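Visitor: I have a structure I would like to understand better, so I am pasting it below and will then ask my questions one at a time.
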Amino acid sequence: MCCESKRRFLLLYATQKGQAKAIAEEIWQQAGAHGLEADMHCISEMDKYNLETEKDPVVIVISTTGTGDPPDTARKFVKKIQDKTLPPDHFAHLQYGLLGLGDSEYMFFCNGGKTVDRRLQELGAQHFYDTGLADDCVGLELVVDPWIDGLWLALKEALQLQKKKEDMNNAVDPVSSSLSPAPHAVHELKLSSEVKNLKLEDEGARNSDILSQKLDDINLVDRARDTEPSLVHSVPPVSQSALNIPTLPPEYIEVEFQDTQGEIPHLSSLISEGTTFEVPVTKAVQLTREDAIKTALLLELDIADTAFEYQPGDAFCVICPNNVSEVEELLHILGLSEKGDSFVSVKVKQGTKKKGASRPQHIPERSTLKFILTWCLEIRTIPKKAFLRALVECTSDAGEKRRLQELCSRQGASDYTRFIRDSNVCLLDLLHAFPSCKPSPNLLIEHLPKLQARSYSVSSSNLYQPGRLCFVFNVVEFPAGPSRPVSRKGVCTGWLAELVAPLLHPSKNSLDTKGESSPAEKISILNRPNNAFHLPADPSVPFIMVGPGTGISPFIGFLQHRQKLREQHTDWKFGETWLFFGCRHQDRDYLFKQLRCFLENGTLTHLKVCFSRESSTAEVAPPKYVQDILRICAKEVARVLLKEGGYFYVCGDKKHMADDVSDAVVDILSMEMKADKLEAMKFLAMLREAKRYLQDVWS
């Protein structure tokens with residue numbers, strides 16, 4: 001029950017990876033200092049709240065996942081409010097404020113929050129506070145922090161308005177006192193994803209620790225000599241500022257080492273997203289030459305003995321572990337190397353001040369510390385400010401403690417962005433940089449998010465290769481830098497490359513003592529069907545595919561499927577197919593030279609290829625990028641889209657390719673329609689809406 005001396009508001013969160021929940025918990029923690037009590041629930045817990053009868057203000061924090069979808073925890077809620085039989089005044093009594101989380105690298109930015117916001121408005125609900133849209137691309141905190149700061153005044157005004165309404169209802173005949181909602185005197189916050197240089201004012205009202213420390217209190221002599229800031233050094237004004245730092249999050253997990261041994265949990269028990277399948281890797285091929293800038297691998301999986309199903313264009317997830325040496329290094333730094341294989345019990349700490357504290361679902365109740373760090377926690381994640389705040393308490397050196405305080409403070413916001421967020425710093429990097437910091441295992445479980453399965457596009461057709469699933473990926477490389485002492489490979493791609501090395505480089509070591517091949521390595525996968533990125537249902541409809549680099553992956557599956565359909569249905573009419581492919585060098589990273597086979601047998605009608613790093617002595621330089629070839633083929637592209645009702649597919653890197661392709665298509669449409677750019681953009685938006693312009697992109 002909420003305390004009667006504090007005014008209540010309902011706080012709902014919908015999270016996919018824990019971001020929205022963490023922000024909701026921050027709001028919950030701050031509420032008390034403002035004389036308010038947040039009744040906090042996950043939006044999926046619909047038995048614990050009822051918006052149909054809710055009288056108090058509602059605050060919603062919601063993320064976005066996939067291609068603009070609400071998080072899994074919000075699906076039932078969204079389905080419920082999208083019921084078309086609901087009247088337009090269904091939520092006329094409801095006052096709410098919404099904070100949406102997203103990433104502008106993706107096309108449908110904050111669409112999860114926008115979907116809920118739009119539908120609540122359609123059903124008569126009213127804002128008591130402007131919607132905030134936070135962008136993970138530039139830093140969620142740039143919008144989240146000021147949005148939370150302004151929330152308290154807006155909540156108090158909404159509650160005062162509510163109280164006045166209740167008092168008037170009590171004083172007037174109930175039959176004649178139907179009051180329409182009054183205008184809200186809220187301070188508008190024009191918050192958007194485009195905030196880049198936001199000046200954060202110190203309002204002094206936030207429940208945070210105000211640190212005013214004189215320079216002579218701590219030893220900053222060496223640091224003062226540096227004129228340039230870094231991860232471990234600050235310069236004025238930050239180094240001389242009193243700091244506003246976040247509230248220390250309450251600890252809520254207890255980790256107990258046990259003398260007895262036990263059984264390691266099976267991976268499938270940690271996965272809540274669906275059925276997992278353990279399948280052998282039957283083939284591995286390096287598609288790029290050794291001197292190529294990136295290493296691209298093709299892996300083939302045997303799914304014949306499973307119930308795993310897919311269509312060309314679908315994606316699936318690989319369940320991967322953290323790097324073994326990084327886990328060992330982490331245990332060593334924390335002084336727990338000898339206890340890594342000891343069993344631990346993980347439970348909620350008695351007497352914790354954290355509301356609704358529970359053991360995270362992805363953490364087994366009983367396992368080893370090494371298992372938790374290897375399979376359960378994202379140790380490569382960029383530490384949030386709340387984690388930095390908790391690490392302050394685990395740091396003994398005064399100078400290191402001060403710098404961590406700066407990095408999580410308002411005053412150090414730009415340093416956090418530059419030296420942690422933009423530098424892709426992880427926990428290990430921090431522990432190397434701040435050697436006196438020794439966090440406990442419970443702190444890692446509380447602050448590190450779940451280790452996510454990695455998603456890949458299917459690069460095959462079950463019709464063409466029954467019982468087989470192929471996928472293609474680049475081995476991701478993170479070079480060493482000022483904030484990162486060593487280079488690293490991607491968590492999943494590095495693990496896969498190491499796993500299949502014997503298949504790529506067979507040797508006598510891959511044979512057992514009897515001269516027989518060793519058994520195939522197995523990986524666990526999870527289905528993640530794509531609802532839209534599929535071939536047109538009507539085979540006579542033409543389509544265009546744009547996929548440079550590994551973006552070609554799903555289109556191999558498209559073409560394999562189309563080839564089989566052509567063989568099986570000789571009487572069908574098939575539309576023309578276009579493929580625009582690009583890479584750096586023709587002889588180093590032209591991933592699928594067998595594309596010519598599809599061209600020769602008629603499966604592929606047109607193949608357009610470009611090479612961005614090839615030198616040319618031609619009088620007219622050849623096109624370097626796929627968007628350049630699209631412009632050369634402008635009339636044909638426009639014909640397919642405008643006259644023949646064709647489809648347009650784009651797969652690959654968003655920032656450096658997909659946006660440029662979209663711009664090229666707008667220019668082509670504008671030119672061929674003889675219309676201005678705005679009209680062309682509207683037409684492209686219509687194609688997106690009709691799911692005829694489809695993207696499978698990543699950042």
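Visitor: Taking only protein heavy atoms and a 1.4 Å probe, what accessible area per residue, in Å², does segment 424-491 have with all protein chains in place?
Guide: I get 36 Å² per residue for this part.
Visitor: Segment 304-371: which GluC sites (Glu not before Pro) are DSSP loop and have at most 12 other beta-carbon atoms within 10 angstrom?
Guide: Sites meeting the loop and neighbour criteria: GLU309, GLU365.
Visitor: Using a Förster distance of 25 angstrom, determine the FRET efficiency expected from the C-beta separation of ASP538 and LEU607, and round it to 0.05.
Guide: Working from the Cβ atoms, E equals 0.65.
Visitor: Another question, if that's okay. Taking a cut-off of 20 Å between Cα atoms, list the aspartates and glutamates near LYS80, but don't count ones fewer than 8 places away on the same chain.
Guide: Reachable aspartates and glutamates: GLU45, ASP47, GLU52, GLU54, ASP69, ASP72, ASP89, ASP117, GLU122.
Visitor: Determine which residues of segment 445-487 fall in the zone a paramagnetic label at ALA520 would reach in this model, i.e. backbone nitrogen under 20 Å from the point 7 Å along Cα→Cβ.
Guide: So the set is 456-473.
Visitor: Hey, another quick one. List, in the order given, every pair from LYS522/LYS624; LYS21/LYS522; LYS79/LYS450; LYS489/LYS655 whose Cα-Cα distance in the structure shown is over 30 Å.
Guide: LYS522/LYS624; LYS21/LYS522
Visitor: Could you compute the FRET efficiency for ASP47 and CYS137, with r as their C-beta to C-beta distance and R0 at 35 Å, rounded to 0.05?
Guide: Once rounded, the FRET efficiency stands at 0.45.
Visitor: Leaving ligands, DNA and RNA out of it, report the carbon-plus-sulfur percent of the accessible area of the chain at a 1.4 Å probe.
Guide: 50
Visitor: A further question follows. Label-point separation (nm) for SER337 and HIS585, each offset 7 Å from Cα along Cα-to-Cβ?
Guide: 4.1
Visitor: Moving on to the next point. Please compute the per residue accessible area over segment 7-163 with all protein chains in place, 1.4 Å probe, rounded to a whole number of Å².
Guide: Averaged over the residues of segment 7-163, the accessible area is 37 Å².
Visitor: Using only the alpha-carbon atoms, how far is helix 659-673 inclined from the longest principal axis of the chain? Give it as 0 to 90 degrees, nearest 10.
Guide: Long axis of 659-673 versus the principal axis of the chain: about 70 degrees.
Visitor: As a check on your grasp of the helix formula, calculate [θ] at 222 nm for the chain: sum -39500 (n - 2.57) over DSSP H runs of n ≥ 4, divide by the residue count, round to the nearest 500.
Guide: So the calculated ellipticity at 222 nm is -8000 deg cm²/dmol.
Visitor: Then there's this: For PHE343, which sequence-distant residues (separation of 5 or more, or a different chain) have an amide H within less than 5 Å of its own amide H, given hydrogens modelled in the peptide plane?
Guide: Hits under the 5 Å cutoff: GLN258.
Visitor: Would you please name the chymotrypsin sites (Phe, Trp or Tyr not before Pro) within segment 552-607 that are DSSP coil residues with at most 11 other C-beta atoms within 10 Å of their C-beta?
Guide: TRP572
Visitor: Taking amide hydrogens as modeled 1.01 Å from N in the peptide plane, which residues meet the under 5 Å criterion relative to VAL546, leaving out close sequence neighbours?
Guide: Distant-sequence amide H within range of VAL546: PHE580, TYR649, VAL650, CYS651.
Visitor: Ok, one more. Taking only protein heavy atoms and a 1.4 Å probe, what accessible area per residue, in Å², does segment 543-697 have with all protein chains in place?
Guide: Each residue of segment 543-697 exposes 48 Å² on average to a 1.4 Å probe.
Visitor: If R₀ is 22 angstrom, what is the calculated FRET efficiency for the pair ASN424 and SER455, using the beta carbon separation as r and rounding to 0.05?
Guide: So, using R0 = 22 Å, E works out to roughly 0.70.
Visitor: Please identify the trypsin sites (Lys or Arg not before Pro) of segment 90-148 that satisfy two criteria: DSSP loop assignment and at most 14 other Cβ atoms within 10 Å. Which are they?
Guide: none
Visitor: While we're on this one: When you take every Cα atom in segment 7-163, what is the radius of gyration, and what is Dmax, the widest Cα pair distance, in Å?
Guide: Cα-based Rg and Dmax for segment 7-163 come out at 14.5, 43 Å.
Visitor: Pulled fully out, how much extra length does the chain show between LEU678 and ARG359, if you take 0.36 nm times their separation in residues and subtract their Cα-Cα distance?
Guide: 109.7 nm
Visitor: Hey, rough spin-label estimate for ASP259 and LYS165, points 7 angstrom out along Cα→Cβ, what's it come to in nanometres?
Guide: 6.3
Visitor: Please quote Rg/Rh for the chain to two decimal places, taking the Kirkwood radius as Rh and restricting both calculations to Cα atoms.
Guide: The Rg/Rh ratio comes out at 0.99.
The values are calculated or read from the model by the stated rules, or taken from the named source; none is laboratory data. Here the structure is a predicted model, which is why all the values come from computation and not from measurement. Glycine also receives a Cβ, built like all others from the backbone with ideal geometry; neighbour counts cover every protein chain displayed. Please note that ligands, DNA and RNA were not included when accessible areas were found on the heavy atoms of the full protein model with its side chains. Shrake-Rupley method; radii C 1.70, N 1.55, O 1.52, S 1.80 Å.
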